[in-house]
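The values are calculated or read from the model by the stated rules, or taken from the named source; none is laboratory data. Predicted, not measured: the structure shown is a model, and the values here were computed from it. Here the Cβ positions follow ideal geometry from the backbone for every residue, glycine too, while neighbour counts run over all protein chains shown.
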Amino acid sequence: MKRSVQLATFLSIFLLIYLGIHYYVLSALVNLFSIQKNTYFYLLVVILAASFPITSFIEKKSPCKCTRYLHFVSATWMGILFYLVCLLLVYQIAGIFLTIPKIAAGTTIISAAIILTAYSLTNGSKIKIKTIEISLENLKKEIKIVQLSDIHIGSVNGPNYLKRIVEKTNALSPDFIAITGDLVDGTAPLTHEIISPINNFKAPVFFTTGNHEFYENFDKVFKLLERTKLKILKDSKTKFQNIQLIGINYSEEKNHLNNALKKIRIKHPSLLLYHLPTNPEYLSKNNINLQLAGHTHKGQIFPFNFLVRLAYKNFAGLYTSKNKKSNIYVSQGTGTWGPPMRLGSFNEITLIKLKKFNSR
């Protein structure tokens, strides 16, 4: 009951804020074009604000091609709205110092939003390979890992998107694959068909959960994934060659990571799969050589990355401890959440080449 009350509270606050943002944007735009507010204006505000939650609900309960298309449109509108808010704020700040004709400003803002949206949608549909090298102490031989994170398989990124990821990953010939959470999105019903391309991976695949598996319900997700070739690490460890792999579930429990790690005897070389970014000094303190994380999407859409950086200091890329023995790599995500758009980031498949640590 407590969780349902928390969810209802969160949704209520989200909807009120989302409605307020719509009112701000549409009010500002009609003012720029000297259009009077009437019943249709307020109706449009409500319809646009309700479009994402309503299409998400319908797509979850009664999915079809039509609902998927409507969900895609409403998710894209969320991204457009974000651009309009940013552009309007820039205009209003510039208006303090400059006199800008309203119609010219309105036309420029809408044109810029269209251009940014077109670019972001194109960029958000691409998948790039990023290659990095990391040294681990006590590593017997070089190993190639592919990290996938935040794929968000659902209404926007469906099974065809997952097939593309599988094909690109197999072409890299990794020794094993690590999926660090948010494999599923939660916007579409979980079925074996939607995640079946996972079975086409040629290398062993290790998986640990993210917040979207938590929201979807772990038991439900595990029941489905256990029919695939994934090896699920639930606050547990396993071994690949001489690397100790540790997978910790996402949890909203305070100190869950600390408590879970205390129960595991950690040996070098150690690799932690955990959805949320920590930091290299924390890893060094806990005897962990490398963490693979995700969650942040590198902000996904500029300038949202500035807000994400405030929440996560180590929010994208490779970070190394002072003693050079512990690293964390934070993926910017292999898929998108919400708007199928990317600006200032890209969908990444990470090829990690583990090398022998040289102390000299």
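Scanning the stretch 274-311 for residues that are among the hydroxyl-bearing types (Ser, Thr, Tyr), under 21 Å from residue 215 (Cα atoms) and in contact with a Ser or Thr (Cβ under 8 Å, 6 or more places away or on another chain) yields one hit, 274.
Look through 143, 151 and report the one residue that is closer than 16 Å to residue 129 by Cβ, modelled with pLDDT of 95 or more and not assigned by TED's automatic domain parsing to the domain that holds residue 72. So the residue among 143, 151 that is closer than 16 Å to residue 129 by Cβ, modelled with pLDDT of 95 or more and not assigned by TED's automatic domain parsing to the domain that holds residue 72 is 151. Within the stretch 93-113, the residues that satisfy the criterion of being at pLDDT 95 or above and of a type in the set (S, T, N, Q) are 107, 108, 111.
Taking the stretch 214-244 as the range and being in contact with a Phe, Trp or Tyr (Cβ under 7 Å, 6 or more places away or on another chain) and in contact (Cβ under 8 Å) with a residue 60 or more places away in the chain as the test, only 240 passes.
Output the number of residues of the stretch 119-147 satisfying the condition of being out of contact with any strand residue (DSSP E or B) (no Cβ under 7 Å at 6 or more places or on another chain), touching a residue at least 24 places away in the same chain (Cβ under 8 Å) and loosely packed, with under 12 Cβ neighbours inside 10 Å. So the answer is 2.
I'd like to check something: does the stretch 284-305 contain any residue that is without any contact (Cβ under 8 Å) to a residue 40 or more places away in the chain and closer than 30 Å to residue 76 by Cα? The answer is yes, given that some residue of the stretch 284-305 is without any contact (Cβ under 8 Å) to a residue 40 or more places away in the chain and closer than 30 Å to residue 76 by Cα.
Tell me yes or no: at least one residue of the stretch 323-345 is closer than 21 Å to residue 113 by Cα and without any contact (Cβ under 8 Å) to a residue 24 or more places away in the chain. Checking the stretch 323-345: not a single residue is closer than 21 Å to residue 113 by Cα and without any contact (Cβ under 8 Å) to a residue 24 or more places away in the chain.
Exposed (fewer than 12 other Cβ atoms within 10 Å of the Cβ) and at pLDDT 95 or above: does that describe residue 116?
Numbers: exposed (fewer than 12 other Cβ atoms within 10 Å of the Cβ): no; at pLDDT 95 or above: yes.
No, not satisfied.
Does residue 247 meet the test of being crowded, with 24+ Cβ neighbours inside 10 Å and more than 24 Å from residue 128 (Cα to Cα)?
On the way: crowded, with 24+ Cβ neighbours inside 10 Å: yes; more than 24 Å from residue 128 (Cα to Cα): yes.
When the stated conditions are applied, residue 247 passes them.
Residue 60: basic (Lys, Arg) and closer than 17 Å to residue 15 by Cβ, yes or no? So that I can check it myself, show each step before the final result.
Working: basic (Lys, Arg): yes; closer than 17 Å to residue 15 by Cβ: yes.
Taking the combined requirement at face value, the residue satisfies it.
A single entry from 257, 276, 272 fulfils the requirement of being among the aliphatic types (A, V, I, L, M), buried (at least 19 other Cβ atoms within 10 Å of the Cβ) and without any contact (Cβ under 8 Å) to a residue 24 or more places away in the chain: 257.
Where helices (runs of 4 or more DSSP H) fall wholly inside the stretch 131-230, the ranges with 3 or more residues that are under 18 Å from the mean Cα position of the chain (by Cα) and on the phi < 0 side of the Ramachandran plot are 159-171, 211-216.
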